[in-house]
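Let me begin by presenting the structure, written as structure tokens, before commenting on it.
The values are calculated or read from the model by the stated rules, or taken from the named source; none is laboratory data. Because the structure is predicted, anything quoted here is derived from the model rather than measured. Here the Cβ is made from the backbone with ideal geometry for all residues, glycine too, and neighbour counts use every protein chain on show. Just so you know, the surface numbers come from the protein's heavy atoms only, side chains and all, with ligands and any DNA or RNA stripped out. Shrake-Rupley method; radii C 1.70, N 1.55, O 1.52, S 1.80 Å.
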Amino acid sequence: FSITTYSIPSSTANNHFTISHGLNKTPEVIIVKNTVQPGHSGSQMWCVYHHSEPTKTGFLNRTLAFTTQENTNNFNGTVPTSQVFTVGHPSNNNSGDTCRDGNSYVAYCWHSVPGYSAFGSYTGNGTSAGPFVYTGFRPSFVMIKNTSATADWIIIDPARDEFNSTTGHALYPSLNFAEANLAAYALDLLSNGFKIRNNGSEMNRNGNTDTFIYMTFAEQPIN
């Protein structure tokens, strides 16, 4: 995990930039936020890159599906490398989410570590007996987003749901709502991964079509 800050020089229209991320491997998840937007309200998006959807980008504070256009706008349509990630685009440098003249940014970057963290995707099957996702550890934190459709980001953890099947005590990164308690967010947290126990749009909609990305961290790291 790394936290990187960067600034875009003034008067640099029609440019994109490479940013050193500080990891020793290619990042699998990058979340970028504009921290200084002179003359604006500071309401730019939390922009998300996930390696399972390398040509698409979404927003942590929005419910929108991930799109190729936003990936082009914010990450130049370029996948990260083991040393850098790319922001901005020659034809859309005015995208304030990751790259705007004179603005400053913070970027949170992760790559998976066996026994500690996992970042991947699964395809929904549209039934209450949803997919099993192997992580190699018992998760203490699971965040899921349907990238194919408008749907909330969902966070599940064993601190608020102590027994399987978790009944869906969920938090919403994309909303300012209080904690939910809905069967539509039920899942099992297992010794080696998690099992979806619902067919809601946020976690298991549209059998064999919708893609769901996830971030997980271990309850008791193995390494």
request  = Answer yes if at least one residue in segment 156-169 is touching a residue at least 24 places away in the same chain (Cβ under 8 Å), open to solvent by 40 Å² or more (accessible area, probe 1.4 Å) and either part of a loop (DSSP other than H, G, I, E, B) or among the β-branched types (Val, Ile, Thr) (or both), and no otherwise.
outcome  = yes
task = Would you mention how many residues in segment 79-99 are in a loop (DSSP other than H, G, I, E, B) and either modelled with pLDDT of 95 or more or open to solvent by 50 Å² or more (accessible area, probe 1.4 Å) (or both)?
result = 8
inquiry  = Given the condition modelled with pLDDT of 95 or more and over 23 Å from Phe217 (Cα atoms), answer yes or no: does some residue in segment 20-29 qualify?
reply    = yes
remark   = Conditions (1) among the aromatic types (Phe, Trp, Tyr); (2) farther than 22 Å from Asn125 by Cβ; (3) at pLDDT 90 or above -> Phe212 fails only (2)
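Please find, within segment 4-14, the residue that is nearest to Asn71 (Cα to Cα) out of those that are surrounded by fewer than 14 Cβ atoms within 10 Å (Cβ to Cβ) and at pLDDT below 95.
Asn14
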request  = Residues being buried (at least 19 other Cβ atoms within 10 Å of the Cβ), touching a strand residue (DSSP E or B) at 6+ places or on another chain (Cβ under 7 Å) and of a type outside the set (A, V, I, L, M): count how many of those fall in segment 170-192.
outcome  = 1
Filter result (of a type outside the set (Val, Ile, Thr) and open to solvent by 80 Å² or more (accessible area, probe 1.4 Å)) within segment 206-223 = Asn208, Glu219, Gln220, Asn223
task = Would you mind stating whether Asn208 is of a type outside the set (A, V, I, L, M, F, W, C) and either without any contact (Cβ under 8 Å) to a residue 12 or more places away in the chain or closer than 24 Å to Phe59 by Cα (or both)?
result = yes
request  = Taking the options Gly102, Gly115, name whichever one is at positive phi and open to solvent by 20 Å² or more (accessible area, probe 1.4 Å).
outcome  = Gly102
